[in-house]
Amino acid sequence: MKPREDFSLIKVILWDIDGTLLNFKMSERYAIEYCFNKFHMGTCTDEMLQRYSVINRGYWERLETGELTREQVMLGRFHEFFESEGLPTDQVKVFNDEYQIRLGDKAFFCDHGDELVKRLKATVKQYAVTNGTTVAQERKLRFSGLDQLLDGVFISEQVGVDKPQKAFFDAVWNEIGSYAPDEVVIVGDSLTSDIRGGKNAGILTCWYNPDHLPNKIEVTPDCTIDNLQDILSYLDESR
């Protein structure tokens, strides 16, 4: 872990969206329940949703390593989930298409993230960096108002490469200009995507870990917070 003084030069914050600024679990629950109802699939219980979340996370991690394509993730996770629950798999594609739309129907902020972004707007540049789909993320950002608060948005589907690949961050630098490594910090909830991505890019990393999960991989974040507002203590202390 780096001392707070090492964050004294921060000029740019790269925010992850799902699970960081926005509460993905709540959006996921809403979208799944909506789709189950629309496609007459019965009730998605809490236990079923938990099982789906585990399957979904596994597929995204395989995308991050390049093992799967985005389309394989989108369809494969629901195919596996439906099969495991004894549900018909013939509607996987239309279910996923609807699910992507409904993910953007509502926005639930983590730790008053909207107020935090507003507060920091006058002092640092702020950009969204996300592996989510274009359909879902653009709707979320528009509905939440983040598209008006942030200085820019980088969606991996549009960039053409996913976090944690260095090429994703190279595309960001090409758009926003060059900054010294100690002038940029990425804040995100995923060790495999956000923190590893930040390390690959050579910038500072802040792991948002509200559930106090253990770190089971070889990547060590430069700082860890369990409330988004805690990032202020790293930034304000040096200003």
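What are the residues in region 193-239 that are outside any loop (DSSP other than H, G, I, E, B) and charged (D, E, K, R), if any? Matches in region 193-239: ASP194, ARG196, LYS199, ASP230, ASP236. Just checking, does region 72-79 include any residue being touching a Leu at 6+ places or on another chain (Cβ under 7 Å), crowded, with 19+ Cβ neighbours inside 10 Å and closer than 16 Å to VAL135 by Cβ? Looking for residues that are touching a Leu at 6+ places or on another chain (Cβ under 7 Å), crowded, with 19+ Cβ neighbours inside 10 Å and closer than 16 Å to VAL135 by Cβ, one finds at least one in region 72-79, hence yes.
State yes or no: is VAL185 touching a residue at least 60 places away in the same chain (Cβ under 8 Å), out of contact with any Ser or Thr (no Cβ under 6 Å at 6 or more places or on another chain), under 20 Å from THR130 (Cα atoms) and of a type in the set (Val, Ile, Thr)? Judged against the criteria, VAL185 is a match.
Considering region 118-151 alone, what residues qualify as being under 15 Å from ILE176 (Cβ atoms) and either exposed (fewer than 14 other Cβ atoms within 10 Å of the Cβ) or among the acidic types (Asp, Glu) (or both)?
ASP151
Here is a list: PRO221, PRO214, PRO210. Which entry is assigned by TED's automatic domain parsing to the domain that holds ASP162, in contact with a strand residue (DSSP E or B) (Cβ under 6 Å, 6 or more places away or on another chain) and not hydrophobic (A, V, I, L, M, F, W, C)? Criteria check complete, one pass: PRO221. Only one of the numbered conditions (1) under 23 Å from the mean Cα position of the chain (by Cα); (2) surrounded by 16 or more Cβ atoms within 10 Å (Cβ to Cβ); (3) among the charged types (D, E, K, R); (4) at pLDDT below 95 is not met by ARG57, and that is (2). Evaluate the following for CYS35: is it in contact with a helix residue (DSSP H, G or I) (Cβ under 8 Å, 6 or more places away or on another chain), crowded, with 16+ Cβ neighbours inside 10 Å and not in a helix (DSSP H, G or I)? No: the conditions fail for CYS35. Look through region 80-94, keep the residues that are in a helix (DSSP H, G or I) and of a type outside the set (Ser, Thr, Tyr), and return whichever of them is farthest from VAL129 (Cα to Cα). Here the answer is GLU83. The set of residues in region 171-199 that are surrounded by 13 or more Cβ atoms within 10 Å (Cβ to Cβ), of a type in the set (D, E, K, R) and more than 15 Å from the chain's Cα centre (by Cα) comprises ASP182, GLU183, LYS199.
One residue stands out among those in region 200-222 that are over 18 Å from the mean Cα position of the chain (by Cα) and modelled with pLDDT of 95 or more: the one that is farthest from SER156 (Cα to Cα), which is PRO214.
Against the list (1) touching a residue at least 24 places away in the same chain (Cβ under 8 Å); (2) within 25 Å of PHE36 (Cβ to Cβ); (3) part of a helix (DSSP H, G or I), the condition ASP97 fails is (1).
The values are calculated or read from the model by the stated rules, or taken from the named source; none is laboratory data. Every value quoted in this text rests on a predicted model; they were computed, and no experiment measured them. Here Cβ is always computed from backbone atoms with ideal geometry, including for glycine, and neighbour counts include all displayed protein chains.
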